[in-house]
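**Student:** Sharing a structure, written as structure tokens. Questions coming.
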Amino acid sequence: MKKVLNDKIINIENTPIFDNKFLFSYLESDYIGENIEVFYMSELLKNKENTELLNNLNGKYAMYSEVYSPKDELEIFVQLFNYAIDNNKKIHIIGVTLKEELDILEEYYIKSGFLREDVNCFIPDFKNTFVTVSVNIENLIWRGSDYKANRENIFFIPPVRESGQNKAMFKGLNRGSIAGIYIKNYNDFNIKFLSDSIKNEHILPLTFAKVFKYNLNAIGFKGVEKDLIISY
């Protein structure tokens, strides 16, 4: 078994070297930190609910994405982003789902000098930057094409978006612009998805180590450190 740290992977003594298992630390946190405001997109979108559409989906389950529309979500994001920059406030937004949100964030990170052009990824100074974001694990697991089979079982806030937005979230993880994955429950289903993502989405174990714990620590969040074993 191998232990995945912030910047390296080490073999754990007295465990098989080639057992295809990674040991991660993750932060069980209430996302509370000093001098940082946390905004949940799920709470802010509730005020934008299109109740008429929600009550008249008539079997068109993919339309649920418009109940809490991408347009409204982007407007909320822009308002929060401008609030942080204009007032020199540190904020963390939980639940981004849109490529357009990451475009705004990454432009800010480029201007801040966080882009490593040689590898085309970001190394943000999460301790001092004003805006950071997390993505809900549900918006990684599911995409718009899954509504047909899963129907209201994947009605989340913010909603599952179309496949292009889903791909943008994975790209944001791999490029380093998304600081964390918001996971309420490390159950078997979610852990299997994380394991599959190492193989299918080519997410590096070091990237997972950062979004599980180290980025959140750098932002200033506190919590209880717990172990997570992922097989690949």
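**Student:** The conditions are (1) of a type in the set (D, E); (2) surrounded by 12 or more Cβ atoms within 10 Å (Cβ to Cβ); (3) more than 30 Å from E225 (Cβ to Cβ), and E37 fails exactly one of them. Which is it?
**Tutor:** (3)
**Student:** From the residues in the range 193-222 that are at pLDDT 95 or above and of a type in the set (G, A, S), which one is farthest from K90 (Cα to Cα)?
**Tutor:** Checked the range 193-222; the qualifying residue farthest from K90 (Cα to Cα) is A209.
**Student:** Looking at the range 101-109, can you tell me whether even one residue there is of a type in the set (A, V, I, L, M, F, W, C) and more than 24 Å from N166 (Cβ to Cβ)?
**Tutor:** Going residue by residue through the range 101-109, those that are of a type in the set (A, V, I, L, M, F, W, C) are 102, 104-105.
With more than 24 Å from N166 (Cβ to Cβ) added as a condition, the list becomes none.
Scanning the range 101-109, I find no residue that is of a type in the set (A, V, I, L, M, F, W, C) and more than 24 Å from N166 (Cβ to Cβ), so the answer is no.
**Student:** Now for a different question. If a residue must be farther than 16 Å from F221 by Cβ and either of a type in the set (G, A, S) or crowded, with 18+ Cβ neighbours inside 10 Å (or both), how many such residues does the range 117-135 contain? Please lay out each step first, then the result.
**Tutor:** The initial filter retains those residues of the range 117-135 that are farther than 16 Å from F221 by Cβ, namely 117-123.
With the extra rule that they be either of a type in the set (G, A, S) or crowded, with 18+ Cβ neighbours inside 10 Å (or both), the set shrinks to 122.
Going through the range 117-135 one residue at a time, the tally reaches 1.
**Student:** Out of (1) modelled with pLDDT under 95; (2) surrounded by fewer than 18 Cβ atoms within 10 Å (Cβ to Cβ), the odd one out for N190 is which?
**Tutor:** Evaluating N190 over (1) modelled with pLDDT under 95; (2) surrounded by fewer than 18 Cβ atoms within 10 Å (Cβ to Cβ) leaves (1) as the failure.
**Student:** Among the listed residues K226, K222, identify the single one that is in contact with a strand residue (DSSP E or B) (Cβ under 9 Å, 6 or more places away or on another chain), surrounded by fewer than 21 Cβ atoms within 10 Å (Cβ to Cβ), part of a loop (DSSP other than H, G, I, E, B) and touching a residue at least 60 places away in the same chain (Cβ under 8 Å). Lay out the reasoning, then the answer.
**Tutor:** Numbers: K226 fails: part of a loop (DSSP other than H, G, I, E, B).
Unique residue meeting the criteria: K222.
**Student:** Can you name every one of the helices (runs of 4 or more DSSP H) wholly within the range 28-111 that holds 2 or more residues which are among the acidic types (D, E) and free of Cβ contacts under 8 Å to residues at least 24 places away in the same chain? If you could, list the steps in order and put the result at the bottom.
**Tutor:** On the way: elements: 41-46, 51-54, 70-87, 99-111.
Result: 70-87, 99-111.
**Student:** Filter the range 208-232 for residues that are in contact with a helix residue (DSSP H, G or I) (Cβ under 6 Å, 6 or more places away or on another chain) and under 19 Å from T97 (Cα atoms) and give the result.
**Tutor:** Answer for the range 208-232, where residues must be in contact with a helix residue (DSSP H, G or I) (Cβ under 6 Å, 6 or more places away or on another chain) and under 19 Å from T97 (Cα atoms): there is none.
**Student:** OK, next. Give the residue that is modelled with the lowest pLDDT, with candidates limited to residues of the range 9-31 that are among the acidic types (D, E) and over 16 Å from S231 (Cα atoms). Spell out how you get there, then give the answer.
**Tutor:** Start the filter on the range 9-31 by keeping residues that are among the acidic types (D, E), which leaves 13, 19, 28, 30.
Applying the additional criterion that residues be over 16 Å from S231 (Cα atoms) yields 13, 28, 30.
Working: E13: 91, E28: 95, D30: 94.
Checked the range 9-31; the qualifying residue modelled with the lowest pLDDT is E13.
**Student:** Could you check how many residues of the range 32-76 are in contact with a strand residue (DSSP E or B) (Cβ under 9 Å, 6 or more places away or on another chain), over 14 Å from F156 (Cα atoms) and at pLDDT 95 or above?
**Tutor:** Residues in the range 32-76 being in contact with a strand residue (DSSP E or B) (Cβ under 9 Å, 6 or more places away or on another chain), over 14 Å from F156 (Cα atoms) and at pLDDT 95 or above: 5 in total.
**Student:** Checking the conditions here, which among S163, S231 is in contact (Cβ under 8 Å) with a residue 40 or more places away in the chain, over 15 Å from the mean Cα position of the chain (by Cα) and surrounded by fewer than 17 Cβ atoms within 10 Å (Cβ to Cβ)?
**Tutor:** On the way: S163 fails: in contact (Cβ under 8 Å) with a residue 40 or more places away in the chain.
Being in contact (Cβ under 8 Å) with a residue 40 or more places away in the chain, over 15 Å from the mean Cα position of the chain (by Cα) and surrounded by fewer than 17 Cβ atoms within 10 Å (Cβ to Cβ) holds for just one of S163, S231, which is S231.
**Student:** From the list E28, E106, E66, pick out the single residue that is of a type outside the set (S, T, N, Q) and out of contact with any helix residue (DSSP H, G or I) (no Cβ under 9 Å at 6 or more places or on another chain). Spell out the reasoning first.
**Tutor:** On the way: E106 fails: out of contact with any helix residue (DSSP H, G or I) (no Cβ under 9 Å at 6 or more places or on another chain); E66 fails: out of contact with any helix residue (DSSP H, G or I) (no Cβ under 9 Å at 6 or more places or on another chain).
From the options E28, E106, E66, the qualifying one is E28.
**Student:** Does K199 qualify as being of a type in the set (K, R), surrounded by fewer than 18 Cβ atoms within 10 Å (Cβ to Cβ) and free of Cβ contacts under 8 Å to residues at least 24 places away in the same chain? Full working, then the answer.
**Tutor:** Working: of a type in the set (K, R): yes; surrounded by fewer than 18 Cβ atoms within 10 Å (Cβ to Cβ): yes; free of Cβ contacts under 8 Å to residues at least 24 places away in the same chain: no.
No; evaluated as a whole, the condition is false for this residue.
The values are calculated or read from the model by the stated rules, or taken from the named source; none is laboratory data. These numbers were taken from a predicted model, which means no experiment stands behind them. Cβ atoms come from the backbone with ideal geometry, glycine included; neighbour counts cover every protein chain shown.
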